[in-house]
Amino acid sequence: MNSVFKPDILTTRPHGIMEEKKKNNYCQLVVGPPGAGKTTYCKNMVSFLLSIKKFPVFINLDPGNENEPLAKINICDLIFSREISSELHLGPNGSILFSMEIFEKNLDWFEKKIKKILKFSFPVFFLIDLPGQIEIFTHHSSIRKLISRIKKEKISLISVIISDSLYRKDKS
């Protein structure tokens, strides 16, 4: 009669079962043109992640998106682009750029809030809603510095690009 081989679970797993699992944190940088649906995507991802028992953290870094009650971290706690626009007589793009300069000077504020959230013992899923103005990516260092701070915290990072579905059918 053949005997059944029963492997010892402690020796067959790569690191044994007693090793503590490493906590992985994740971040989606949500980018795209203004009005493409970045905020809607973030809100729907929050709902989805909650439905599968994950811990989402919605971060609003669009200073033009002032009324965002779901955001755990909100750039509008620092600055409103509408106020910048009226006080400095800047257009929408100029006020967004100026607001991002203020955000860049206050990256420590952002980092403290992130570190406070990272103290939880379970994985965190950050969803960062960024402004749609292309100038903050091409002519400005604030997003590069933001990404550096996120990477410094050992958070897995991915960029999600939202585009307006109306342009999918345009052949030009």
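Just a few scattered comments:
- Output for the range 65-78, where each listed residue is touching a helix residue (DSSP H, G or I) at 6+ places or on another chain (Cβ under 8 Å), modelled with pLDDT under 85 and open to solvent by 20 Å² or more (accessible area, probe 1.4 Å): E66
The rows are residues; the columns are (1) buried (at least 20 other Cβ atoms within 10 Å of the Cβ); (2) modelled with pLDDT of 95 or more.
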position: K119; (1), (2): no, no
position: F122; (1), (2): no, no
position: L127; (1), (2): yes, yes
position: Q133; (1), (2): yes, no
position: T138; (1), (2): no, no
position: S141; (1), (2): no, no
position: L146; (1), (2): yes, no
position: R149; (1), (2): no, no
position: E153; (1), (2): no, no
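- Listing of helices (runs of 4 or more DSSP H) fully contained in the range 49-129 that carry 3 or more residues being farther than 23 Å from N25 by Cα and either among the acidic types (D, E) or in contact (Cβ under 8 Å) with a residue 12 or more places away in the chain (or both): 81-88, 92-105
- One residue stands out in the range 13-34 among those that are surrounded by 10 or more Cβ atoms within 10 Å (Cβ to Cβ) and either aliphatic (A, V, I, L, M) or more than 32 Å from the chain's Cα centre (by Cα) (or both): the one that is modelled with the lowest pLDDT, namely G16.
- Checking K115 against (1) under 24 Å from K154 (Cα atoms); (2) surrounded by fewer than 12 Cβ atoms within 10 Å (Cβ to Cβ); (3) modelled with pLDDT under 90; (4) not small (G, A, S), the condition it does not meet: (3)
- In the range 130-171, the residue that is nearest to L29 (Cα to Cα) out of those that are small (G, A, S) and touching a residue at least 24 places away in the same chain (Cβ under 8 Å) is S159.
The values are calculated or read from the model by the stated rules, or taken from the named source; none is laboratory data. Source: prediction; values computed, not measured. For neighbour counting, all protein chains shown are included, and Cβ atoms are generated from backbone atoms with ideal geometry for every residue, glycine included. Keep in mind that these areas ignore ligands, DNA and RNA; they rest on the heavy atoms of the full protein, side chains included. Shrake-Rupley method; radii C 1.70, N 1.55, O 1.52, S 1.80 Å.
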